[in-house]
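Undergrad: Submitted below is the structure of interest, expressed as structure tokens.
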């Protein structure tokens, strides 16, 4: 899993995505959302097997760097379960600082899933150094 710096631009993208409903926070909710989406994809593939969905990364999971071993095992399990559509990036920021960055208060945030492909693209671009 890639370890990436937390940039101001990425923080702004994640804040915007969370407030617009294009991202979810918390591994339990993220797991539920991914499972629900998979049920929908599976049902669609049963209805139209001749038109399978293209396998492409469309969800990006951003993780704090201070999770427990179990937390990262759970994240790896999600990556294994949804390999065609899920990418994960571990950020160089602890969960409490990530919460403060995203919500302006001392809130523990160890995982954020971006579910909109345009927002995901902007989030990845926000990781690049300015210039």
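Any read-out appearing in this document is the output of simple, stated calculations on the displayed coordinates, not a laboratory observation. These numbers were taken from a predicted model, which means no experiment stands behind them. Reconstructed Cβ throughout: ideal geometry from the backbone, glycine too, with neighbour counts over all protein chains shown.
Undergrad: Stretch residue 77-residue 100 to full length: gain in nm at 0.36 nm per residue minus the Cα-Cα span?
TA: Result: 5.6 nm gained on full extension.
Undergrad: Do you know the relative contact order of the chain, to the nearest whole percent, from alpha carbon pairs under 8 angstrom that are 6+ apart?
TA: Computed value for the chain: 42 percent relative contact order.
Undergrad: In deg cm²/dmol, rounded to 500, what helix-only [θ] at 222 nm does the chain give when every DSSP H run of at least 4 residues adds -39500 (n - 2.57) and the total is split over its residues?
TA: -15500 deg cm²/dmol
Undergrad: A further question on this structure: Taking 0.36 nm per intervening residue step and subtracting the Cα-Cα distance, what contour gain separates residue 12 from residue 107 on full extension?
TA: Gain in length upon complete extension: 32.5 nm.
Undergrad: I'd like the orientation of helix 8-20 relative to the chain: the angle between its Cα long axis and the longest Cα principal axis, in ° from 0 to 90, rounded to 10.
TA: The helix 8-20 is inclined about 50 degrees to the chain.
Undergrad: Hey, another quick one. Separation between the residue 92 and residue 68 pseudo-spin-labels, each 7 Å from Cα along Cα→Cβ, expressed in nm?
TA: Inter-label distance under the simple model: 2.8 nm.
Undergrad: Taking the chain as the reference, fit the longest principal axis to its C-alpha atoms, fit the long axis of helix 27-47 to the helix C-alpha atoms, and give the angle between the two in degrees, 0 to 90, nearest 10.
TA: So the inclination is approximately 20 degrees.
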